[in-house]
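Remarks on the structure that follows.
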Amino acid sequence: MKIAFVGKGGSGKTTLSSLFVRHLAATGAPVVAVDADINQHLGAALGLDDETSARLPALGERLAFIKEYLRGSNPRIASVDTMIKTTPPGEGSRLLRIRENNPVYDACARPVELDGATARLMVTGPFTEADLGVSCYHSKTGAVELCLNHLVDGRDEYMVVDMTAGSDSFASGMFTRFDMTFLVAEPTRKGVSVYRQYKEYARDFGIALRVVGNKVQGQDDLDFLREEVGDDLIATVGHSDWVRAMEKGRPLAFARLEDGNRATLRTLQAAADAMYEHRDWDRYTRQMVQFHLKNARSWGNERTGGDLASQVDPAFVLREQPVAAQPA
Ligand SMILES: Nc1ncnc2c1ncn2[C@@H]1O[C@H](COP(=O)(O)OP(=O)(O)OP(=O)(O)O)[C@@H](O)[C@H]1O
Ligand SMILES: [Mg+2]
């Protein structure tokens, strides 16, 4: 299951992503955590010290390697130079699974110990000033988008992505790649402002979007969020002394997280798990093709000097257990 945490800067995306990852890992489920946020803090939130966080391999620096692996023997992709972040898989492409070992994880993922459980962590790498310009910015998260488009994940296994809610993720199609998107919102006008924008895209593309209230302090906060986002509000997290202790560098065992916040994490998992029945790999594949063609037209063809529409394998549908291609 692919799950994104999005929201306004400072809303608590990284905090809630990390708590959710800890929760899933504690159930024994395989988890790949991905830091695709401008502020790269997921490693720290998962308890890594600064030195270890700084040494994590950056996906953004290994883009060519990732492309080369995923391309496999796909005859429609002539070289990594013509492969852009939205180039969809086709016959011959290599796919990724949550539970396997593969060269991409070897190069880009690191295990993180979480109270006896383990999750894999992948990070895009730090964003610089230059990355915030349109196309370069994409190349950092492009590696994540490629992984999502080549991932054949099943039930009870998770990829959790800590992500910005910027317009960039709308342009790239990245926001359509999740079984469930949790929008983290504080009970303030600014906090819910991102929700409205996201909601529109979600409606247009059939995306499952739920709001998680953060730093919710009482009935007034709850009423405010209810009024602003209605039934999309799925659960709330209050001020957490557990999180604060972590911030002080005095982490507590995960078992000591407040009961109310643990209940919220269970609610989030149940909501994500329930989406399994609604999966539609045809739609998933169709949307990646749609965004690829859009990118091809707007900059990809010009950049690569080819017609990137020819990379689309019309017969290919990404699915959990790929059916072997029938000989012609
Ligand atoms: N429920 C909470 N209880 C206590 N502290 C919290 C809670 N949620 C978030 N915080 C604190 O608020 C700050 C911002 O949270 P966080 O870094 O998770 O936000 P973010 O949305 O990821 O921010 P950014 O946009 O900078 O990536 C952090 O210091 C975090 O520890
Ligand atoms: Mg963050």
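Coordinate-derived values only; no laboratory data. Because the structure is a prediction, the values reported are computed rather than measured. When we count neighbours, we look across all protein chains shown, and the Cβ atoms used for this are built from the backbone with ideal geometry, even at glycine.
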message = Can you show me the helix-derived [θ] at 222 nm for the chain, built from DSSP H runs with n ≥ 4 at -39,500 (n - 2.57) apiece and divided by the number of residues, rounded to the nearest 500.
response = -11500 deg cm²/dmol
request  = Give, as ranges by residue number, the residues of the stretch 169-184 whose backbone N falls under 14 Å from the point 7 Å along Cα→Cβ of R303.
outcome  = 169, 171-174
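If you build the Cα gyration tensor of the chain and take the root of 5 times each eigenvalue, what three semi-axes come out, in whole angstrom, biggest first? Please report the intermediate quantities before stating the final value.
On the way: eigenvalues 211, 92, 72 Å².
Equivalent ellipsoid semi-axes, largest first: 32, 21, 19 Å.
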query = If you take the charge dipole of the chain about its Cα centre, with +1 on Lys and Arg Cβ and -1 on Asp and Glu Cβ, which of L308, F182, V6 is farthest toward its positive end?
reply = L308
Rounded to 10°, Cα long-axis angle of helix 219-229 versus longest principal axis of the chain = 20
key: D241 versus D282: modelled label distance in nm, points set 7 Å from Cα along the beta carbon direction   = 5.4
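Taking the Cβ of S17 as the centre, find all other residues whose Cβ is under 12 Å away and add up their charges (Lys, Arg: +1; Asp, Glu: -1). Walk me through the numbers on the way to the answer.
Numbers: positive: K13, R22; negative: D35, D37, D162.
Computed value for this residue: -1.
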query = In debye to the nearest 20, how big a dipole does the stretch 2-310 give about its Cα centre with +1 on each Lys and Arg Cβ and -1 on each Asp and Glu Cβ?
reply = 400
ask   = Using alpha carbons only, how many degrees (0 to 90, rounded to 10) separate the axis of helix 281-295 from the longest principal axis of the chain?
value = 70
task = Report, to the nearest 10°, how far helix 189-205 tilts away from the longest principal axis of the Cα atoms in the chain, using its own Cα long axis and a range of 0 to 90°.
result = 30
